[in-house]
Amino acid sequence: MGWITGAAPTQAQLDACVTCGLCLPHCPTYRATGDEAASPRGRLTAMAAIADGIAEVDETFAEMMSFCLQCRACETACPSLVPFGRAMEGARAEIAAQLPGRRRSARRWLVGSAIANPTLVGAASFGAAVAQRIGVGRSGAGTIGKVRGLRRLPLRSSSTRGKSWPARGVPRGTVALLSGCVQDPWFAEVHEATISVLRAGGFDVVAPPTQACCGALAAHDGAVAQTRALAAANVAAFDGFEYVVTDAAGCGAHLKEYGHWAEGGDVLAARVVDVTELVAQLLDDGQLPEFGSRGQRVAVQDPCHLRHAQRITVAPRRVVAAAGFDVVDLDPSGRCCGAAGMYTITYPEMSESLGRAKADEIDRSGAAVVASANPGCEMQLRSYADEAVRIVHPIELYAAALQGRD
Ligand code: SF4
Ligand code: SF4
């Protein structure tokens, strides 16, 4: 049957792979298994076989694709510039279309509909807040155990959506904040830090009321219609802002690829910045102050969707250093921590093995604080690192320095 949707991997994407194998040592699933079918090259070869009519989209193909973390480490390693992330999103779209009753239909509902619904996210957040207070999930594995990865949630959370905050001093412009689906209820302190630093840098900050979830999880899961609808809503909601600021690397990576998902998406994509990018620029321009070293080490973890998808590595280090900390590199090779959206639920063993490897790196670094610019990574690190290690977003360190706090 071949491909049946317009979202399928293109022939140009597949032809770009010259099967050199240089990506293999960078792929976490290949490194763990040594199996060609779990490698970027193997996955691209399987996609090409379907495009050529040699194979069908079946359970075996679906499993090969689903086991991929979509970390895109293969993309940064690839000398032929194969757009692996795009090809994998296309393959997932085909699996969703051709195998609609696949066993992950519940997960598809979760990422395609539930997580984009603020009411359902709010109810789940309340449940998690209660679970934290009665001690469920302090230990153990699986979904309940992951409650440990959450920050302490408020019983009543408030949303940034529809609110605005004026610049401190004379405004230099207005930026929009992506409120996000779980960033609002679960990482309110990160939004607070982002808003306070942007205001100090001279920006009015607005969180448009009609914005939606960015759609990254839906895209990664092949939920094409949902992805397109969310992208269209955000193109309209963020129209006219100088910058659209995200403080979640996974969301930023997806927004920067909106050109593939919505009319006018490329215009929005060009204005999207990770908060660390914008703050690094303000530091370079002398618009924000830098603080001298306080002699404390902070390990910087590179989220895959910052390092590999957005190719941003300098900015978070710049922000942490400007806050007065000595930066320690956690993982120079940039291996995935195993969070990867819903991967902690769908492939818990692989996810745990990568999470534990990252925790070992934190141990070796000797740092008591780790800075991670992505909420999923933060939760994964907190799940496996020593409980004494503090996990924060880089912007929180800088905001605290700006306010004279530790
Ligand atoms: S994806 Fe890139 S690095 Fe990997 S085998 Fe193909 S051409 Fe080589
Ligand atoms: S995205 Fe990550 S897990 Fe998937 S093939 Fe590439 S390197 Fe491997």
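The values are calculated or read from the model by the stated rules, or taken from the named source; none is laboratory data. What you see is a predicted model; the values in this text were computed from it and never measured. Note: ideal-geometry Cβ built from the backbone for every residue, glycine included; neighbour counts use all protein chains shown.
Some observations on this one:
- Of the set (1) surrounded by 13 or more Cβ atoms within 10 Å (Cβ to Cβ); (2) at pLDDT 95 or above; (3) outside any helix (DSSP H, G or I), all apply to VAL18 but (1).
- Residue within region 27-48 that is more than 14 Å from ligand 2 (Cβ to nearest atom), assigned to a helix (DSSP H, G or I) and either touching a strand residue (DSSP E or B) at 6+ places or on another chain (Cβ under 8 Å) or not assigned by TED's automatic domain parsing to the domain that holds SER333 (or both) present: yes
- Residues of region 258-271 that are surrounded by 22 or more Cβ atoms within 10 Å (Cβ to Cβ) and within 24 Å of CYS336 (Cβ to Cβ): TYR258, TRP261.
- Condition met for GLY53 (farther than 18 Å from CYS336 by Cα, within 13 Å of ligand 2 (Cβ to nearest atom) and not aromatic (Phe, Trp, Tyr)): no
Conditions (1) surrounded by fewer than 22 Cβ atoms within 10 Å (Cβ to Cβ); (2) assigned to a helix (DSSP H, G or I); (3) at pLDDT 95 or above; (4) more than 17 Å from the chain's Cα centre (by Cα), marked per residue:
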position: LEU198; (1), (2), (3), (4): no, yes, yes, yes
position: CYS213; (1), (2), (3), (4): no, no, no, no
position: GLY222; (1), (2), (3), (4): no, no, no, no
position: VAL245; (1), (2), (3), (4): no, no, yes, no
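- Subset of region 368-406 that is of a type in the set (Asp, Glu) and in contact (Cβ under 8 Å) with a residue 60 or more places away in the chain - its residue that is surrounded by the fewest Cβ atoms within 10 Å (Cβ to Cβ): GLU396
- Annotation note: of THR29, THR60, THR33, THR45, the sole residue that is within 11 Å of ligand 1 (Cβ to nearest atom), of a type in the set (S, T, N, Q) and out of contact with any Leu (no Cβ under 6 Å at 6 or more places or on another chain) is THR45.
- Residue ID - surrounded by the most Cβ atoms within 10 Å (Cβ to Cβ), chosen from residues in region 70-104 that are assigned to a loop (DSSP other than H, G, I, E, B) and more than 15 Å from ligand 1 (Cβ to nearest atom): ARG104
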